[in-house]
Every structure is written in structure tokens, then in C-alpha cells.
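Below is a structure I'd like to ask you about.
The values are calculated or read from the model by the stated rules, or taken from the named source; none is laboratory data. Keep in mind it's a predicted model, so treat the numbers as computed, not measured. Neighbour counts are summed over all protein chains in view; Cβ atoms, including those assigned to glycine, are modelled from backbone coordinates with ideal geometry. Protein only, heavy atoms only, side chains kept; ligands, DNA and RNA dropped before computing areas. Shrake-Rupley method; radii C 1.70, N 1.55, O 1.52, S 1.80 Å.
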Amino acid sequence: MGRILAILALGVLVSCGGGRSDRGDNPTQFASVNGPIKSACLSSGRKAANRQSCGCIQEAADRSLSGADQRRGASFFGNPARAHEVRLSDTERDDAFWKRWSDFGAVAEKLCS
């Protein structure tokens, strides 16, 4: 789990949209949560990737990222080099996205630890 969260925080990690969820904060209840982050997490091939942990990470995404940000971030799983490019980019758009992505990582770490 820690490895997934570390990867997520580095940007290597859609539902119908983003926004705040009304679900509680118990990581064990997130197995049924679905979206692009969970799908990417489950297909990542990492040992700690399971329905519960990936569902919790998706819940954090639903609470803190728009649908477009979730789709963009989920694409990093298949192309980790792209995450690195975005992180190092000097464009205002990429900088703003990376800030939101980093904030999402902090939410996921808090919620899913």
C-alpha cells in the first residue's frame, strides 16, 4: 500500500466526474468505488494493488480531482515517463495540474494509510 501511495505521490498512478464524496473515511469500505484511477491502479501489476487499496485511492481522487484530472493522472500508469515530463514542465497548465495531483497524493495518503 505504501508503495502505491508513494508512486501516486510521484505522479505514476474517471469516474463520471470529480468533486466531494459523501462516503465515510473507512478505507475498508472502498472496494466498490470505481473510476479511472482505480482501474489504472489495479492494472499496474504492483503487489499491493487490490480492490480495497485502489478503491480508497479512487475515493481520494473523487474527493480532490476533477474528472479531467483523474483521466490525465490515470494515463501515467501506462506511461510513467509522461508523469515525469509533466512534473518538470514549465507551463502554467502543467504546474497547476501537478499541484492538484500532489494535493491528491496527500489526501490519498491520509485517507488510505
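In nm, what is the difference between 0.36 nm times the number of residues separating ALA81 and LYS99 and their Cα-Cα distance?
Numbers: separation 18, 0.36 × 18 = 6.48 nm, distance 1.78 nm.
Going from the current span to full extension adds 4.7 nm.
I've got another one for you. Please give the solvent-accessible surface of ARG87 in Å², to the nearest 10, using a probe radius of 1.4 Å with every protein chain present.
Here the accessible area works out near 130 Å².
Measuring with a 1.4 Å probe in the full set of protein chains, what accessible area per residue, in whole Å², belongs to segment 38-95? Don't skip to the answer; put the middle values down first.
Working: 2960 Å² over 58 residues.
Spelled out: the 1.4 Å probe surface of segment 38-95, per residue, equals 51 Å².
Please label the shape of segment 30-72 as rounded, prolate or oblate, based on the square roots a ≥ b ≥ c of the eigenvalues of the alpha-carbon gyration tensor (a/c under 1.5 means rounded; beyond that, a/b larger than b/c means prolate, else oblate). If you can, show how the numbers build up before the last one.
On the way: a/c = 2.43, a/b = 1.48, b/c = 1.64.
Judged from the Cα gyration tensor, segment 30-72 comes out oblate (a/c at least 1.5, b/c at or above a/b).
Okay, next question. May I ask which residue of ALA60, LEU88, ASN50 lies farthest towards the positive end of the charge dipole of segment 50-113, with charges of +1 (Lys, Arg) and -1 (Asp, Glu) on Cβ and the Cα centre as origin?
After comparing all options, I get ASN50.
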